[in-house]
Amino acid sequence: MKAFYSDTFVLPLPEGHRFPMEKYAMLRERVVAQGIITPSNLVIPPAASDTQLLRAHTADYVARMERGALSSQEIRRIGFPWTPAMPQRSRRSSGATIEACLAALRDGYAVNLAGGTHHACSGHGEGFCIFNDSAVAARELQARGLARRVLVIDCDVHQGNGTAEITRGDDTIFSFSIHGEKNFPFRKEQSDLDIGLEDGAGDERYLAALEAGLMEAIELSHADLALYLAGADPFYDDKLGRLALTKPGLAARDRLVFDFCEQAGLPVAISMAGGYARIIADTVDIQIATIAEAARRAS
């Protein structure tokens, strides 16, 4: 199975900043060390081009992001300061999801070792998200004639508001988000299917809701490609979570998503989305389990 990653992991952040950038490097090291991904299948993707980004984002936003012409309010909304590396890393991450989609069409499964930047809207960034890699990739695959209809399965603990906003009125991309109802973003967008769960929902409640949601989303989307945002942040010890899932519960979530996609004949491109566990190794453990399950199933 192919895995794609950006080689620009490190962004200069203020000391003590809460975004755990090191999780990306740890994940890359462990997927190879544990033999889940061979070094030859670990690939640095090309950066997404302007043409690709503009299928999901406004020209004004992309241009101002590139030259660092964001207002202080826009920068606060993103959550970390602008540097020249910020748009370049985000272009790489979008490129990684595009490449994961292409590889999934060949092999059944592929993964972006970052991505899942689902809070990025058409005209602004938000919640640590600059460009929306899922929307960019879905529309790139459609532009190439490789996918007619795309299903986004968003299992991050936070609603995929950016994906919902970008794809509003586009019946070729079906957005399904299962998330904490009282969690960020506090002003939700309307996805094609939203399931908002109460704090502390736990494994059993979550998995039952997910199963019902997957059944509905696959039936309604008529998709030929799935993008799966496998957020690690529903975990009970995640600082930004609150849904209280265990590691076995999250592994069961992955199996459920993959089972439904396989039954529907959908290739799956996976991105990692959020993960902010108090112990970073817990986030990486959860993501490793997702990748290992996909690799086991890959043709």
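The values are calculated or read from the model by the stated rules, or taken from the named source; none is laboratory data. This is a predicted model, so every value here is computed, not measured. Glycine gets a Cβ as well: all are built from the backbone with ideal geometry, and neighbour counts include every protein chain shown.
If only one of 194, 203 is free of Cβ contacts under 8 Å to residues at least 60 places away in the same chain, in contact with a strand residue (DSSP E or B) (Cβ under 8 Å, 6 or more places away or on another chain), surrounded by fewer than 23 Cβ atoms within 10 Å (Cβ to Cβ) and in a strand (DSSP E or B), which one is it?
194
Looking at (1) part of a loop (DSSP other than H, G, I, E, B); (2) free of Cβ contacts under 8 Å to residues at least 12 places away in the same chain, which is the only condition residue 219 fails?
Here residue 219 clears every test but (1).
Within region 222-236, how many residues turn out to be in contact with a helix residue (DSSP H, G or I) (Cβ under 6 Å, 6 or more places away or on another chain) and in a loop (DSSP other than H, G, I, E, B)?
2
Give the residues of region 230-255 that are under 20 Å from residue 177 (Cβ atoms), among the small types (Gly, Ala, Ser) and surrounded by fewer than 24 Cβ atoms within 10 Å (Cβ to Cβ), sorted by residue number.
244, 249, 252
Here's the yes/no breakdown for (1) farther than 21 Å from residue 162 by Cβ; (2) within 17 Å of the chain's Cα centre (by Cα); (3) modelled with pLDDT under 95:
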| position | (1), (2), (3) |
| --- | --- |
| 191 | no, yes, no |
| 196 | no, no, no |
| 208 | yes, no, no |
| 225 | no, yes, no |
| 250 | yes, yes, no |
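State yes or no: is residue 104 closer than 26 Å to residue 249 by Cα and either touching a residue at least 60 places away in the same chain (Cβ under 8 Å) or surrounded by fewer than 24 Cβ atoms within 10 Å (Cβ to Cβ) (or both)?
Taking the combined requirement at face value, the residue satisfies it.
Go through the residues of region 116-135 one by one and say whether even a single one is free of Cβ contacts under 8 Å to residues at least 12 places away in the same chain and assigned to a loop (DSSP other than H, G, I, E, B). Before you say what the answer is, go through the steps one by one.
The initial filter retains those residues of region 116-135 that are free of Cβ contacts under 8 Å to residues at least 12 places away in the same chain, namely none.
No.
Determine, yes or no, whether residue 172 is within 18 Å of residue 123 (Cβ to Cβ), at pLDDT 95 or above and hydroxyl-bearing (Ser, Thr, Tyr).
no
Quick one: what pairs do we get from region 68-82, first residue closer than 13 Å to residue 126 by Cα and in contact (Cβ under 8 Å) with a residue 24 or more places away in the chain, second of a type in the set (Val, Ile, Thr) and in a loop (DSSP other than H, G, I, E, B), C-beta under 9 Å, 6+ apart or different chains?
78/130
What number of residues in region 1-31 are among the β-branched types (Val, Ile, Thr), modelled with pLDDT under 90 and surrounded by 15 or more Cβ atoms within 10 Å (Cβ to Cβ)?
So the answer is 1.
Within region 47-60, identify whether any single residue is touching a Pro at 6+ places or on another chain (Cβ under 6 Å) and either in a helix (DSSP H, G or I) or aromatic (Phe, Trp, Tyr) (or both), and answer yes or no.
There is no residue in region 47-60 that is touching a Pro at 6+ places or on another chain (Cβ under 6 Å) and either in a helix (DSSP H, G or I) or aromatic (Phe, Trp, Tyr) (or both).
Is it fair to say residue 113 is within 18 Å of residue 151 (Cα to Cα) and in contact (Cβ under 8 Å) with a residue 24 or more places away in the chain?
Here the answer is no, as residue 113 does not meet what is asked.
Identify, from the list 104, 110, the residue that is under 18 Å from the mean Cα position of the chain (by Cα), hydrophobic (A, V, I, L, M, F, W, C) and part of a helix (DSSP H, G or I).
104 is the lone residue from the list that is under 18 Å from the mean Cα position of the chain (by Cα), hydrophobic (A, V, I, L, M, F, W, C) and part of a helix (DSSP H, G or I).
Of all residues in region 32-61 being hydrophobic (A, V, I, L, M, F, W, C) and free of Cβ contacts under 8 Å to residues at least 24 places away in the same chain, which is surrounded by the fewest Cβ atoms within 10 Å (Cβ to Cβ)?
Within region 32-61, the first condition is being hydrophobic (A, V, I, L, M, F, W, C), and the residues that meet it are 32-33, 36-37, 42-44, 47-48, 53-54, 56, 59.
When the remaining residues are screened for being free of Cβ contacts under 8 Å to residues at least 24 places away in the same chain, the result is 32-33, 54, 59.
Working: 32: 15, 33: 9, 54: 16, 59: 11.
Per the stated criteria, the residue is 33.
Tell me, please, whether a residue that is assigned to a loop (DSSP other than H, G, I, E, B), closer than 24 Å to residue 184 by Cα and in contact with a Ser or Thr (Cβ under 8 Å, 6 or more places away or on another chain) can be found in region 250-267. Write out each step before concluding.
Initial filter on region 250-267 (assigned to a loop (DSSP other than H, G, I, E, B)): 264-267.
Within this subset, residues satisfying the condition of being closer than 24 Å to residue 184 by Cα are none.
So far as region 250-267 goes, no, none of its residues is assigned to a loop (DSSP other than H, G, I, E, B), closer than 24 Å to residue 184 by Cα and in contact with a Ser or Thr (Cβ under 8 Å, 6 or more places away or on another chain).
So, of the residues in region 259-296 that are touching a helix residue (DSSP H, G or I) at 6+ places or on another chain (Cβ under 6 Å) and of a type outside the set (A, V, I, L, M), which turns out to be farthest from residue 137 (Cα to Cα)?
Going through the qualifying residues, I end up with 283.
Could you tell me whether any residue of region 170-180 is farther than 29 Å from residue 265 by Cβ and surrounded by 15 or more Cβ atoms within 10 Å (Cβ to Cβ)?
So far as region 170-180 goes, yes, one or more of its residues are farther than 29 Å from residue 265 by Cβ and surrounded by 15 or more Cβ atoms within 10 Å (Cβ to Cβ).
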